[in-house]
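Here is the structure we will look at.
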Amino acid sequence: MRSVLDEALEAGAAVSGGRVVTYVPALAEVDPGLLGVAVATVDGGHVFEAGDADVPVALMSAAKPFVYALALADRGLGGMREHVDVEPSGGRFDAAGTMPGSGLPYNPMTNMGAIVTTSLVAGDNPDARRERAVDCLGRFAGRPLTPDPEILNSQRRAGDRNRALAYFAASTGAMGADPAEALDRYFAQCAVRAGTRDLAIMAATLAGRGVNPLTGDVVTQPWVARTVLSVMATCGMYDAAGGWMAEVGMAAKSSVSGVILASVPGRLGLAVFSPPIDEHGNSVRGVEICRHLSRRLNLHLFA
Ligand code: GLN
């Protein structure tokens, strides 16, 4: 496996293009040459890694599937769909569009849908709700994870677009909490940092019906993992989700920090990290590495 990962990194390093995100100033300072990959198996929890797999990265949108899992477990799929749907948007991750007819956000993988999802996490008070989401990310990873204060502040300062999306969602009645509170929690989950290795374990937990392969912790129920993976498969790569599914064929989630995590149910979770992203918000080298691994390890879901 180690040599397969080295080969995949080489394939990734051979492509160029994309740009490091700049709208969150703290993310703009990252070294664009960082490149890491990790795979975690569902059976036995074996973890393989190569390159910069231990460098902590802001999760940003990679947190979305896991907070969706938490809110789904709290409210059920029907309850969630009264606030945020599960349809691909065909638009950018930060688009302000809503579903024709219902006026709901398209899905929990877009920023608007994710802010609404965060607003629906249960808890007695704002601190408890925030803590539950951050704690849940750590349980998926098998170790405690925390928001990085510098990234959090940077997100808040650069947060006008997300603020607009939150208040827009509130105006349609989709929001489950005060928009300011939901935003603060959304920024906190985005600012949580984890290594590529952690992300592979998080993906493997979804691939393993909600059981963390390292700790054995039952992080979520099989129906929740199945639902989250379904939404990742159709919406996780934004408006590149169709091409991704045809070529790579995994349930996946990308983030503007250059992370992509992907799950192959019953087999493994994988994660890649390379900061330059394309026009869809997906890591250019990350996509290439996943394409390579999909072919090399026969990971396409429909193969
Ligand atoms: N946290 C990022 C934002 O709010 C999420 C976007 C992303 O990673 N695609 O803008």
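The values are calculated or read from the model by the stated rules, or taken from the named source; none is laboratory data. Note that the coordinates shown come from a computational prediction; the quantities given were computed from them, not determined experimentally. Cβ sites come from the backbone with ideal geometry, for glycine too, and all protein chains shown count toward neighbours. Please note that ligands, DNA and RNA were not included when accessible areas were found on the heavy atoms of the full protein model with its side chains. Shrake-Rupley method; radii C 1.70, N 1.55, O 1.52, S 1.80 Å.
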Exercise. Can you pull out the residues in segment 30-48 that are open to solvent by 20 Å² or more (accessible area, probe 1.4 Å) and either within 16 Å of the ligand (Cβ to nearest atom) or over 29 Å from residue 155 (Cα atoms) (or both)?
Worked result: 30, 41, 42, 43, 44, 46, 47, 48
For this session: Identify all residues within segment 89-124 that are at pLDDT 95 or above and not aliphatic (A, V, I, L, M); write none if there are none.
Result: 105, 106, 107, 108, 110, 111, 113, 117, 118, 119, 123, 124
Exercise. Does segment 275-285 contain any residue that is open to solvent by 20 Å² or more (accessible area, probe 1.4 Å), within 23 Å of residue 7 (Cα to Cα) and touching a Leu at 6+ places or on another chain (Cβ under 8 Å)?
Worked result: yes
Exercise. Which of the residues belonging to segment 247-259 are within 18 Å of residue 107 (Cα to Cα) and within 15 Å of the ligand (Cβ to nearest atom)?
Worked result: 252, 253, 254, 255, 256
For this session: Examine segment 11-18 for a residue that is away from the ligand (no atom under 16 Å from the Cβ), hydroxyl-bearing (Ser, Thr, Tyr) and in a loop (DSSP other than H, G, I, E, B), and state whether such a residue exists.
Result: yes
Problem set entry | segment 117-134, residues that are closer than 26 Å to residue 216 by Cβ, touching a helix residue (DSSP H, G or I) at 6+ places or on another chain (Cβ under 9 Å) and either more than 16 Å from the ligand (Cβ to nearest atom) or open to solvent by 30 Å² or more (accessible area, probe 1.4 Å) (or both) | 121, 122, 123, 132
For this session: Select from segment 179-197 the residues that are touching a strand residue (DSSP E or B) at 6+ places or on another chain (Cβ under 9 Å), assigned to a helix (DSSP H, G or I) and within 13 Å of the ligand (Cβ to nearest atom) and list them in ascending order.
Result: 187, 188, 189, 190
Seminar exercise, completed: Note on segment 198-213: residues part of a helix (DSSP H, G or I) and open to solvent by less than 10 Å² (accessible area, probe 1.4 Å) are 199, 200, 201, 202, 203, 204, 205, 206, 207
